[in-house]
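Here is the structure we will look at, set down as structure tokens.
Only the coordinates and a few stated rules stand behind these numbers; no lab work does. Fair warning: this is a prediction, and the values are worked out from it, not measured in the lab. Neighbour counts are summed over all protein chains in view; Cβ atoms, including those assigned to glycine, are modelled from backbone coordinates with ideal geometry.
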Amino acid sequence: MGEVKKGFKRTHHCGKLSLTNAEETVTVMGWVQKRRDHGGVIFIDLRDRSGFVQVVFNPDIDEESFQLADQLRSEYVVAVKGKVEKRPEGNINPDLPTGEIELNGRELIILDKAKTPPFIIDNDIDINEDIKLKYRYLDLRRPKMKDIIALRHQVMKATRDYLDENEFWEVETPILGKSTPEGARTYLVPSRINPGNFYALPQSPQIYKQLLMVSGVEKYFQIARCFRDEDLRANRQPEFTQIDIEMSFINEEDIFEMVDGLMRRLFAIKGIELPARLPVMSYQEAIDNYGSDKPDLRFDMKIKDISDLVIDSQFKVFSGTVANGGQVRGINFKGGASSPRSKIDAYTDFVKIYQAKGLAWIALKEGSLKSPITKFLTDAEIDGIKQRMQAEEGDLLLFVADNPSIVASSLGNLRLEIAKEEGLVDQETYEFVWIVDFPLLEYNEEEDRYDAMHHPFTSPLDEDIALLEMEPEKVRSRAYDLVLNGEELGGGSIRINNRELQEKIFKVLNIGDKEAEEKFGFLLEAFEYGTPPHGGIAFGLDRLIMILGKTESIRDVIAFPKTQKATSLLTNAPSRVSEKQLRELGIKVD
């Protein structure tokens, strides 16, 4: 065992050998996947990051190497010199890229031995995720995981190439920054040199990239590490990576054109063709038709408003809701009329999760209407509902009557639930859409104040600025999200670029002059020195890789992820530190 001896140099990678190398003497290195004894001949499957090759050790060719091969076990690290030969007829493996050849081993060196791993290094394993995360260095040896890491590299390289071609500069911004309110908890870092003061790890490079626009950089990007101390889900991590972009002297169309091109470049990596321009939809249209600002457009089932048809109905659940400012809206589950009552009851329980009081329904079945509510509706009302809902024989119409936000949330999620249960979604389809004209603000009932829907640096639409003081809830923003298959890939906006408007927004957000100066004074001052109109966008790189790699969890696309409790099972971080370190930082742990 030990180092590769002088002159014993790797010449080829395992997975790249083919018939074109037949009769060549090559040297490969890697890990033993399997060892098999067949009638006095030893076969090993040797693996490196490029793939596998079958190596044969025959005592008639080299007795010493054969005896050494007999000692091999899974995950031993070896170097093999041998001759590439075509496999005998009948032994060809069409499922393996190297399945037409094998390597006749002439020399073997064991570079390192290995303990029996806690799980088989293979794609088709079903083990506890905690075990995989504890031994992540072994998990990453699996071909599926290596493919994901390779895909991540390809996406990052393609991003850099595309943005470089479009005259962007990659600029690094500080990791140690100032704590500013951005909608999530920040990780704080104590300063030893400045006792009692703290840095904050960035939730995003937002302020710095705006300052770069003030600086005249004009086109900036960064593949940025970001940190948020928040509760985790399958698609979130405490530290994550985003593709961060900012441009000067532009408007929304410039952003869309640039990003559409980037998406075409990235999806081409997986052979997926995208249209030249991605569609655009207003926030209100998305809410009205799909109940979500992240609509999944891979299936239809739009939400329809029937409020005007039932405003005078004898069915008081409908008419009473409309009279009190609410809505009655529904979806058409095509072919759903055959659903058993138990399934409809399950749908009723489902919408209650989203605070709906109940679910009304009409089934068009066997030439008649099956429903507990039709006896309260006139023939004209029923005909109007059928026409509005585009109802046909065999359809199931489902309705919610409530305030607009509950109606949208309950029907939007019911729409997705039915599509999932019924297999209505084509998993090989990629439906992008830009969502625009978001509300600038959202009301926070708990704190009796307005919050920025995106962030406080988002510019309102010019025609809505006059509404800021008296009707702030009606102000629309110049924000935009790129949505794919019901997932937000990224979001951005055209920014505020003058102090007066920025201070006005701070006041609407209940950020006083003193607080604004303390937290954002440097930005406000920068705006006084000539700031170009600018805007940008940021994409979650990890979520993008999840979609391209067709994985279920964000942890599958990060080399060394954290658990849902934000811990590393590999390194046992976070961990306690010594009293000496705490004293140096002036910190006491309560």
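Just a few scattered comments:
- Helix 143-165 axis, angle to the chain major axis (alpha carbon atoms, nearest 10°): 60
- Listed peptides 138-144, 167-173 by packing density, highest first (mean Cβ within 10 Å): 138-144, 167-173
- Tilt relative to the chain, helix 499-508 - C-alpha long axis, 0 to 90 degrees, to 10: 70
- Under 16 Å from residue 519, Cα to Cα: aspartates and glutamates that are on another chain or at least 8 residues apart: 182, 503
- Rounded to the nearest 10 degrees, the angle from helix 341-352 to the longest Cα principal axis of the chain is 80 degrees.
- Here residue 463 and residue 488 are evaluated by their C-beta separation; at R0 = 30 Å the FRET efficiency comes out at 0.70.
- Only the Cβ atoms of Lys and Arg (+1) and of Asp and Glu (-1) were treated as charged; on that basis the dipole of the stretch 109-191 about its Cα centre amounts to roughly 520 debye.
- Relative contact order [Cα under 8 Å, 6+ residues apart], the stretch 349-480, whole percent: 20
- Each residue, residue 104 and residue 302, gets one label point 7 Å from its Cα in the Cβ direction; the gap between the two is 7.0 nm.
- Taking the DSSP bridge list for the stretch 14-112 and keeping only pairs wholly inside it, about 95 percent are antiparallel.
- Flagged links, alpha-carbon separation over 20 Å, of 302/420; 34/81; 81/115; 474/507; 134/588: 81/115; 134/588
- Student exercise, the stretch 14-112 dipole from Lys, Arg, Asp, Glu Cβ charges, in Debye to nearest 20: 320
- Peptides ranked, highest mean first, by Cβ atoms within 10 Å: ranges 324-330, 560-566: 324-330, 560-566
- Here the chain is assigned +1 on the Cβ of each Lys and Arg and -1 on the Cβ of each Asp and Glu. Its dipole about the Cα centre then comes out at about 2280 debye.
- Among 66, 549, 266 the positive-end extreme of the charge dipole of the chain (Cβ point charges): 66
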